[in-house]
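Read the structure below first, then the notes.
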Amino acid sequence: MMPRRVLAALGPAFALVVLVSVPAAAQAPAPAARVDRDVVYGMYSGLALLMDVHRPAAPNGTAIVAITGIGFHAGGAYGAEPMKEIEPQLNVFVKPLVAAGYTVFVINHRAAPAFRYPAAIEDAERAVRFVRHYATRFGIAPNRIGAVGASSGGYLASMLGVRSGPGVPDDDDAVNREQARVQAVVAFCPPEDLTGAFDDFGISAIAAFMGFLRPSDPASAEFKMYRQASPLASVSPDDAPILLIHGDQDQLVPIAHSEKMEAALRGADVPVKLIRVTGSGHLIAQKPEYPDFTTEMIRWFDVHLRK
């Protein structure tokens, strides 16, 4: 106990320090969100498959694998700008999710012209398996993983929700033994039917992804491969719930893609919702005149992953 004469000598300044310091210690600042960059989630013939892990300040224990849209085409292995660092798309569907407490894994993947179907799908599935296998390390629940993406990334996110993605039980790599299907999906302007309508750029982008131009004959083996490569063709009753967000003025990937996907999922009794963004073209950005799809996206994952 400090003598009274010492307290008196210190005077009111000491009292002020005591009054200020106690609440400051009790209300320590919360940790800031951070990004762990270039985490290797797999390898392909010496090529590192990388992801950036966006860690929220207040994590809710739930993971989202995020895939940006690149038109299936990276110009090289990844292109000049890594797809996991495309800022405009991060602003639309990564930063709001991190702010809501989700741990978001934004991935690079193999792309055209160096790689063809199904390389990008295999990489996206590998990313889910990796996150699931190392769930404890990342502080997330292995049975609560979602996917979000735009355009070609929306295609891959949809694939993660509709493909069965079973692990390989006897694989030497323990990661590959994990299940690859996610438990909820949000897809922005996704090409869901590769046999459907696209503009000229979309036709050429998908041809690069598939490795050949889509033939006109629906009975041909090549046309059937396009159909098989479509998320629409894999819809089944055990699919993940999918939220579709699509501009009604999208010429690159017409809204009919999401409309057909919505109808197919409803027919299979899978939870689905389509938000039509009136007046928007491709690769949507939130604007005051648009529906609040940012809140809808977070609510979708809250309902189907957290509850």
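Only the coordinates and a few stated rules stand behind these numbers; no lab work does. In this text, all values refer to a predicted model and were calculated from it rather than measured experimentally. Positions of Cβ are backbone-derived with ideal geometry, glycine not excepted, and every protein chain shown enters the neighbour counts.
Based on the Cα coordinates of the stretch 41-142, what is the per residue volume of their convex hull in Å³?
91
Over the Cα atoms of the stretch 81-239, what is the Rg over Rh ratio if Rh follows Kirkwood?
When Rh is taken as the Kirkwood radius, the ratio is 0.97.
Could you work out the local net charge near residue 228, counting Lys and Arg as +1, Asp and Glu as -1, over the other residues with Cβ closer than 12 Å to its Cβ?
Once positives and negatives cancel, what remains is +1.
If the reach is capped at under 22 angstrom between alpha carbons, list the lysines near residue 287, excluding any in the same chain fewer than eight residues apart.
Within the straight-line cut-off, residue 287 pairs with 95, 273.
Place a label point 7 angstrom from the Cα of residue 81 along the Cα-to-Cβ direction, then list the residues of the stretch 248-274 whose backbone nitrogen is under 20 Å away.
252-253
Taking neighbour Cβ counts within 10 Å as the exposure measure, how do 34, 214 sort from fewest upward?
In order of increasing Cβ crowding within 10 Å: 34, 214.
Where Lys and Arg each count +1 and Asp and Glu each count -1, what net charge lies around residue 41 among other residues with Cβ under 14 Å from its Cβ?
-1
With no solvent and one point per C-alpha, what does the Debye sum give as log10 I(q)/I(0) for the stretch 192-301 at q = 0.14, 0.19 Å⁻¹?
Those come out to -0.64, -1.05, one per q.
With the calculation restricted to Cα positions, what are the radius of gyration and Dmax of the chain in angstrom?
So, for the chain, Rg and Dmax equal 23.4, 99 Å respectively.
So how do 159, 225, 43, 297 line up by other beta-carbon neighbours within 10 Å, fewest first?
43, 225, 297, 159
How much length is gained on full extension from residue 116 to residue 213, taking 0.36 nm per residue of separation minus their Cα-Cα distance?
33.7 nm
If neighbour count is taken as other Cβ atoms inside 10 Å, put 294, 62 in order from fewest to most.
294, 62
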